[in-house]
Amino acid sequence: MIMNRCLFYVLWIVLVAQRASAADLPDIPLFIDRMVSQHQFNRDELVLVFSRAERRQAVIDAISTPATLKPWPEYRASFLNEQRINGGLQFWQIYADALQRAEKQYGVPQEIIVALIGVETSYGRKAGKFSTLDALTTLAFDYPRRAGFFRDELEQYLLLAREQGLDLFKVQGSYAGALGIPQFMPSSYRKYAVDFSGDGKIDLLHDAVDAIGSVANYLNQFGWLSGAAVAVRVRVSEENCTGSLAEAHSVAEWEAAGMKPDKEIASDLKARLIDFTVADGKEFWLAFGNFDVITRYNNSDFYAMTVFQLAQALRVSHH
């Protein structure tokens with residue numbers, strides 16, 4: 001009985017430590033000062049908000065082990081599978097009109113929009129179960145490596161909640177504070193989200209049509225070129241791959257260095273050479289400007305290639 005009681009208290013202490021009040025984290029008073037002086041927030045209300053916010057160890061654990069640390073074949077298989085393709089085709093069918101309109105207005109192919117939403121939240125079905133307030137507060141004040149970034153996002157989230165009338169304590173998203181069907185960070189929500197459904201409000205948490213338009217607008221704003229290539233596979237012997245793969249060169253220069261694209265591509269286009277480790281060695285791709293636009297959503301070649309390849313699979317199946 002004594003052993004059981006001791007175990008209970010140990011577990012209780014661990015639980016309390018994991019759910020510790022964020023109010024004890026350093027620099028929150030200074031942050032509140034800034035929000036009051038720069039954005040005219042009510043000080044007492046913010047003190048109450050942060051007294052209810054909680055530091056979440058699970059957030060620190062999650063951001064410390066991102067999915068992109070997995071080997072490429074494992075990462076790719078998580079998103080490029082029958083379930084994700086079928087879900088994408090259903091999403092495409094349901095929102096065909098909005099996707100056509102988004103492509104026409106912003107120049108982003110429908111399959112890219114669908115694939116990106118599919119990778120982010122499985123078409124809105126998995127938008128995250130972390131309290132956005134808790135996640136951003138934890139990272140803003142207890143994750144030194146990127147504290148500045150997350151403090152800015154926490155600021156943007158408080159502004160967004162005020163503008164949109166959101167309940168700070170009920171909104172849930174990713175461990176990094178990304179929100180809604182397209183997983184926009186609060187700053188992107190305020191800057192790039194659009195009322196694509198025309199109902200007078202912008203709602204990325206529930207409105208897939210707004211999400212479709214907002215994703216297309218985001219990619220367009222970061223320089224998506226309508227009709228331009230995203231990536232093309234190249235055949236190359238590894239001994240030809242010397243120097244920096246990150247430098248962009250024209251297709252003609254890559255071809256002169258022994259790279260053979262799988263399909264004809266304009267020789268003056270600039271591209272990076274990227275490689276992926278697969279079961280039988282490496283595969284090489286030329287990644288063009290539109291590929292790099294996708295990385296503005298998530299700064300990972302694994303991520304951008306997965307979006308691109310899922311988009312290709314959806315396009316083939318859709319037609």
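The values are calculated or read from the model by the stated rules, or taken from the named source; none is laboratory data. Nothing here was measured: the structure is a model prediction, and the numbers come from that model. No Cβ is skipped: glycine too gets one built from the backbone with ideal geometry, and neighbour counts run over all protein chains shown.
A few remarks follow.
- Residue check for Arg190: among the basic types (Lys, Arg), modelled with pLDDT of 95 or more and under 20 Å from the mean Cα position of the chain (by Cα): yes
- Top-ranked residue of the range 44-81 - restricted to ones that are basic (Lys, Arg) and more than 21 Å from the chain's Cα centre (by Cα), ranked as farthest from Ile117 (Cα to Cα): Arg52
- Among the conditions (1) more than 21 Å from Arg84 (Cα to Cα); (2) in contact with a strand residue (DSSP E or B) (Cβ under 6 Å, 6 or more places away or on another chain); (3) not β-branched (Val, Ile, Thr), the only one that Gly128 does not satisfy is (1).
- Any hit, the range 226-249, residues being surrounded by 12 or more Cβ atoms within 10 Å (Cβ to Cβ) and assigned to a helix (DSSP H, G or I): yes
- Leu154 satisfies every condition listed in (1) in contact (Cβ under 8 Å) with a residue 60 or more places away in the chain; (2) in contact with a Phe, Trp or Tyr (Cβ under 7 Å, 6 or more places away or on another chain); (3) in a helix (DSSP H, G or I) except (2).
- All of Ala22, Ala67 fail the test of being closer than 24 Å to Leu160 by Cα and modelled with pLDDT under 95, apart from Ala22.
Matching residues to (1) touching an Asp or Glu at 6+ places or on another chain (Cβ under 8 Å); (2) of a type in the set (Lys, Arg); (3) at pLDDT 95 or above; (4) within 23 Å of Glu74 (Cα to Cα):
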residue	(1), (2), (3), (4)
Gln221	no, no, yes, no
Ala248	no, no, no, no
Lys263	no, yes, no, no
Tyr303	no, no, yes, yes
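- Pair list, Cβ < 6 Å and 6+ apart or interchain, from the range 181-209 residues that are surrounded by fewer than 17 Cβ atoms within 10 Å (Cβ to Cβ) to residues that are outside any helix (DSSP H, G or I) and not aromatic (Phe, Trp, Tyr): Asp195/Ile202
- Number of the exception - Asp280 against (1) out of contact with any strand residue (DSSP E or B) (no Cβ under 9 Å at 6 or more places or on another chain); (2) touching a residue at least 12 places away in the same chain (Cβ under 8 Å); (3) closer than 26 Å to Arg76 by Cβ: (2)
- The lone criterion from (1) β-branched (Val, Ile, Thr); (2) in contact with a strand residue (DSSP E or B) (Cβ under 6 Å, 6 or more places away or on another chain); (3) in a helix (DSSP H, G or I) left unmet by Thr137 is number (2).
- Residue match in the range 253-268 (condition: within 24 Å of the chain's Cα centre (by Cα) and either surrounded by 17 or more Cβ atoms within 10 Å (Cβ to Cβ) or in a strand (DSSP E or B) (or both)): no
- Of all residues in the range 63-79, at least one satisfies being touching a residue at least 40 places away in the same chain (Cβ under 8 Å), of a type in the set (Phe, Trp, Tyr) and more than 29 Å from Asp210 (Cα to Cα).
Quick grid of which residues meet (1) surrounded by fewer than 19 Cβ atoms within 10 Å (Cβ to Cβ); (2) on the phi < 0 side of the Ramachandran plot; (3) basic (Lys, Arg); (4) modelled with pLDDT under 95:
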residue: Glu82; (1), (2), (3), (4): yes, yes, no, no
residue: Asn86; (1), (2), (3), (4): yes, yes, no, no
residue: Leu89; (1), (2), (3), (4): yes, yes, no, no
residue: Ala96; (1), (2), (3), (4): yes, yes, no, no
residue: Gln100; (1), (2), (3), (4): yes, yes, no, no
residue: Lys104; (1), (2), (3), (4): yes, yes, yes, no
residue: Gly107; (1), (2), (3), (4): yes, no, no, no
residue: Gln110; (1), (2), (3), (4): no, yes, no, no
residue: Ile113; (1), (2), (3), (4): no, yes, no, no
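- Filtered residue count, the range 193-215, keeping only those that are in a helix (DSSP H, G or I) and over 14 Å from the mean Cα position of the chain (by Cα): 5
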